[in-house]
Amino acid sequence: MLWLCIQFPKLPLEVLTRAQHDGTEAHAQAVVEQQLIVDANHTAAERGVETGLTIATACALCADLQLLQRDIQREEQQLQQLAQWGYSFTPVVSPQAAGSVDAGDDRFACLYLELSGCLKASGGLHPLLQQLKRELRQMRISCFMGLGHSPSAARMLSQLPEHRQWLRETQAPPSPQQWRQWISFSPSKLLDCDNKTIAKLYACGIKRVSQLLAIPLSEVGSRFGRNFVDYLARLNGTRHDPVPSYQPPPEFHSELFFPSPLDNSEQLLFPAGRLVRELCQQLQRRQLYSHQLRWKLDFGQQGCKVFSVEVSRPLLDAQRLIALTKLQLERIKLEQPIQALSLTCDQLLPMEQDKLDDDLFGKDTQVQRSHQLLDKLKARLGHEALSGVTLKESYLPEQAWQSADTLVLQSNRSKKGHQLKPINAPRPTWLLSRPDRLHSREHKLFYRGEIKLLQGPERIDGYWWQHGRHGRDYYIARGEEGGLYWVFQDLTSEDWYLHGVYA
Amino acid sequence: MSNAENLLQNNQLADQSKQQRLSQLLARPDIWQAANEHKRQRSGIASGYASLDALLASRGWPRGATTELLVNQSGIGEMSLLLPALAELTQREQMVVLVNPPFIPYAPALASAGVQLEKLLIIHPRGHKDELWATEQALQSGCCGALLSWQDRQAPADKDLRRLQLAAREGDCLHFHFRPQSCAASPSPASLRLQLNSDGEQLAVQLLKQLGGQSGQRLHLARSADLVRRDQPLH
């Protein structure tokens with residue numbers, strides 16, 4: 001294991017001032033929390049403002065000091081962003097928030113990265129550290145780093161100046177012996193424990209960790225307590241040192257801003273393709289998929305328009321997603337020029353082995369093709385144009401069926417416990433959406449010519465207990481031209497209706 | 001290897017590829033060779049009516065082709081002509097698509113005919129253009145077993161019919177196209193055209209056109225006895 005600890009000593013100040021231009025650096029600034037200075041910029045520090053001073057003292061030292069209220073929430077967000085940044089280097093990342101002032105805890109926010117798995121991919125330790133530093137500098141965040149065989153060791157060594165000096169020049173990770181040397185060489189005050197314990201250590205004359213390690217562990221335990229022994233074991237590497245692992249949030253959001261607004265939906269295709277590719281890259285890296293792509297066209301002051309592309313199967317193919325988006329874009333009329341385009345996926349789901357039916361040789365399976373077809377039809381015709389039919393339990397003929405969601409098409413192939421059986425009587429293949437009134441004259445019925453009753457009646461009398469009774473006598477009838485119809489006579493009004501066609 | 005040997009081998013390869021291309025060409029469904037009539041693959045989808053299958057060249061509904069059904073009036077048994085084949089397809093886990101059906105497909109009747117309802121997709125595209133697009137997409141997707149479409153008020157152009165026929169071939173899908181009988185006189189690229197009438201009791205089928213087979217025959221198919229049985233009048 002090779003752990004890198006990156007500490008962010010100036011995070012409280014930097015989250016507030018990062019967006020400013022360099023010119024404002026000359027102005028003395030300090031971050032305060034509960035009447036105490038937490039952090040000060042370079043100009044202020046030169047005039048003696050330092051962490052732990054009260055506001056009154058700091059203002060006395062530097063009259064034109066600009067005080068900024070500490071924003072813990074924003075720091076937390078920034079740390080999460082940094083963790084996501086670290087996640088692009090290695091999958092084992094653990095952020096640790098800064099301690100708050102009122103608890104008497106002055107630890108900086110830091111980020112642990114486990115590097116042993118990613119050295120090869122980044123071309124060795126030195127280039128990797130260089131890249132990390134360069135990217136942090138671009139983000140305008142100051143840091144210092146330490147390398148260790150456990151997170152605790154990395155954290156302690158990051159505070160040791162000699163170790164940092166070595167880290168700047170090193171090419172290869174150190175041997176276990178070297179680590180042991182550094183740890184025993186470190187002064188006791190670097191140990192991650194409360195001030196009382198450190199004071200006690202110094203009172204015993206233990207100035208370096210080596211002196212501490214020379215004492216038998218049972219002795220240390222009886223003096224400094226069990227937790228301290230635990231910590232030493234973790235520092236030594238004789239015990240596991242667990243840190244909470246960071247998981248990137250299961251969502252995606254990206255936005256493109258157009259300096260000159262677009263007024264043609266075809267011009268949108270290129271930026272949309274870029275966003276989709278970005279999404280696919282991230283999804284593939286994290287082995288996730290999304291059911292829904294939500295696009296937002298931002299018209300600036302004139303509001304915005306949102307549309308979504310639905311995908312029924314896990315799909316990582318950028319080309320297909322772009323094609324689906326294109327179908328949607330074609331349906332949209334742009335009233336105003338677009339200033340920004342954003343793509344959001346609220347829910348990213350983990351890809352399961354059996355769900356991804358992308359063949360190794362790129363051949364589409366039947367199921368996959370039918371899903372692609374459904375997605376395409378849905379994208380152009382809209383959700384409401386597609387439907388299926390299922391059976392429903394009811395006495396009334398018009399309620400014995402219902403329109404089903406099209407997703408039922410493929411999903412539950414396994415038979416459910418309770419299955420509906422269709423009624424065992426001749427039923428017409430076509431049903432009229434509402435019964436058609438028939439003309440009747442002198443005991444004869446007319447629908448495109450005279451029709452004659454063949455069979456019947458079949459009495460269907462339901463829902464008399466509800467408002468509006470449905471009492472009907474159904475007959476099968478034949479028209480003049482040979483067509484067979486399903487007609488009924490309403491029992492209450494004695495009117496005749498056509499309800500179905502035996503096609 | 002010497003030059004001469006190389007040349008010989010190349011010639012052989014070229015001959016082989018020519019042969020292959022020729023046999024590919026001859027295997028096309030729209031090329032009919034009288035000499036090879038007995039060898040023809042009879043791989044249609046059984047219609048469920050033995051007398052009708054006997055008349056059709058592929059011994060069933062022709063695969064990957066458009067079949068036109070010229071009907072003026074619904075209710076004469078035009079759907080029950082197709083239902084056995086549709087039931088067979090859905091039971092084989094293939095999708096059946098209905099594009100703009102004139103009425104609501106009634107689930108209890110379809111289910112009792114053996115159609116797996118979860119394989120049935122009904123689409124209602126708005127406008128002529130969307131309808132043609134959706135039909136073509138579904139036909140060529142290769143995942144549909146059959147597609148039924150009804151001609152709306154606007155008759156499709158000859159070019160569109162040809163496109164649909166090609167799409168059906170590409171996706172190996174049965175395409176049933178219902179059209180009014182007034183279209184019987186106009187030419188059509190469909191590989192099978194049937195005119196459906198009723199002669200009072202039975203469904204009368206007339207073959208207007210058949211690729212690779214004879215046409216002009218007439219056939220009478222009885223309707224289900226359950227439907228046409230005449231009860232004693234009550235009053």
Restricting the search to region B:79-93, which residues are at the interface with chain A (Cβ under 8 Å from one of its Cβ atoms) and at pLDDT 85 or above? B:M79, B:S80, B:L83
So which residues in region A:468-494 are within 14 Å of another protein chain (Cβ to nearest Cβ) and open to solvent by 50 Å² or more (accessible area, probe 1.4 Å), if there are any at all? A:E480, A:E481, A:E494
Kindly indicate whether A:V276 is β-branched (V, I, T) and in contact with a Ser or Thr (Cβ under 6 Å, 6 or more places away or on another chain). no
Run down A:Q159, A:Q177 and say which single residue is within 29 Å of A:T238 (Cα to Cα), over 23 Å from the mean Cα position of the chain (by Cα) and free of Cβ contacts under 8 Å to residues at least 12 places away in the same chain. A:Q177
State which residue pairs qualify: first residue farther than 19 Å from A:S186 by Cα and inside region A:208-221, second residue open to solvent by less than 80 Å² (accessible area, probe 1.4 Å) in any location, beta carbons under 9 Å apart, and separation of 6 or more residues or different chains. A:S218/A:V229; A:G221/A:F228; A:G221/A:V229
Step by step: first the residues of region B:165-207, then only those that are of a type in the set (G, A, S) and crowded, with 19+ Cβ neighbours inside 10 Å, then the one that is nearest to the other protein chains (Cβ to nearest Cβ). Which residue is that? B:S198
Only residues in region A:5-17 that are assigned by TED's automatic domain parsing to the domain that holds A:Q138 and in a helix (DSSP H, G or I) count as the first member; pair them with residues that are modelled with pLDDT of 85 or more and hydroxyl-bearing (S, T, Y), Cβ under 8 angstrom, at least 6 apart or cross-chain, and list the lot. A:E14/A:S142
Quick one: which strands (runs of 3 or more DSSP E) lie wholly within region A:285-344 and hold at least 2 residues that are under 16 Å from A:R274 (Cα atoms) and open to solvent by 40 Å² or more (accessible area, probe 1.4 Å)? A:292-298
Tally of residues being open to solvent by 50 Å² or more (accessible area, probe 1.4 Å) and touching a residue at least 40 places away in the same chain (Cβ under 8 Å) across region B:147-164: 1
Can you tell me which residues in region A:236-280 are outside the structural domain of A:R294 (by TED's automatic domain parsing), farther than 24 Å from A:L348 by Cβ and open to solvent by 50 Å² or more (accessible area, probe 1.4 Å)? A:N236, A:T238, A:R239, A:H240, A:P242
Return yes when A:V243 is modelled with pLDDT of 85 or more and under 23 Å from A:Q84 (Cα atoms) and no when it is not. no
Listed by range, helices (runs of 4 or more DSSP H) wholly within region A:153-239 having at least 1 residues that are over 26 Å from A:P9 (Cβ atoms) are A:176-185, A:195-203, A:209-214, A:217-224, A:226-236
Within region B:73-108, the count of residues that are of a type in the set (S, T, N, Q) and under 25 Å from A:L381 (Cα atoms) comes to 3
I'd like to check something: does region A:458-467 contain any residue that is more than 7 Å from chain B (Cβ to nearest Cβ), modelled with pLDDT of 80 or more and open to solvent by less than 50 Å² (accessible area, probe 1.4 Å)? yes
If you go through region A:166-174 one residue at a time, do you hit one that is open to solvent by less than 40 Å² (accessible area, probe 1.4 Å), touching a Pro at 6+ places or on another chain (Cβ under 7 Å), of a type outside the set (A, V, I, L, M, F, W, C) and in contact (Cβ under 8 Å) with a residue 40 or more places away in the chain? no
Test: B:Q140 is at pLDDT 85 or above, open to solvent by 40 Å² or more (accessible area, probe 1.4 Å), more than 11 Å from chain A (Cβ to nearest Cβ) and farther than 26 Å from A:G479 by Cβ: no
Can you run down the residue pairs with Cβ atoms below 7 Å, 6 or more apart or on separate chains, where the first is in region B:107-123 and at positive phi and the partner is modelled with pLDDT of 85 or more? B:G114/B:A87; B:G114/B:Q91
So, B:A111, is that one under 24 Å from A:H383 (Cα atoms) and within 14 Å of another protein chain (Cβ to nearest Cβ) or not? no
Can you name the condition, by its number, that B:T135 falls short on among (1) in contact (Cβ under 8 Å) with a residue 24 or more places away in the chain; (2) within 11 Å of chain A (Cβ to nearest Cβ); (3) surrounded by fewer than 19 Cβ atoms within 10 Å (Cβ to Cβ); (4) touching a strand residue (DSSP E or B) at 6+ places or on another chain (Cβ under 7 Å)? (3)
Is it fair to say B:D226 is surrounded by fewer than 21 Cβ atoms within 10 Å (Cβ to Cβ), within 14 Å of chain A (Cβ to nearest Cβ) and at pLDDT below 85? yes
Residue identified as at pLDDT 85 or above, open to solvent by 40 Å² or more (accessible area, probe 1.4 Å) and more than 23 Å from A:R168 (Cβ to Cβ) among A:E135, A:E50, A:E76: A:E76
Filter region B:208-223 down to the residues that are aliphatic (A, V, I, L, M) and within 13 Å of chain A (Cβ to nearest Cβ), then identify the one that is most open to solvent (accessible area, probe 1.4 Å). B:A222
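The values are calculated or read from the model by the stated rules, or taken from the named source; none is laboratory data. The shown structure was predicted, so the numbers you read here are calculated from the model rather than taken from an experiment. Heads up, the Cβs are rebuilt from the backbone with ideal geometry, glycines too, and the neighbour counts pull from every protein chain shown. Keep in mind that these areas ignore ligands, DNA and RNA; they rest on the heavy atoms of the full protein, side chains included. Shrake-Rupley method; radii C 1.70, N 1.55, O 1.52, S 1.80 Å.
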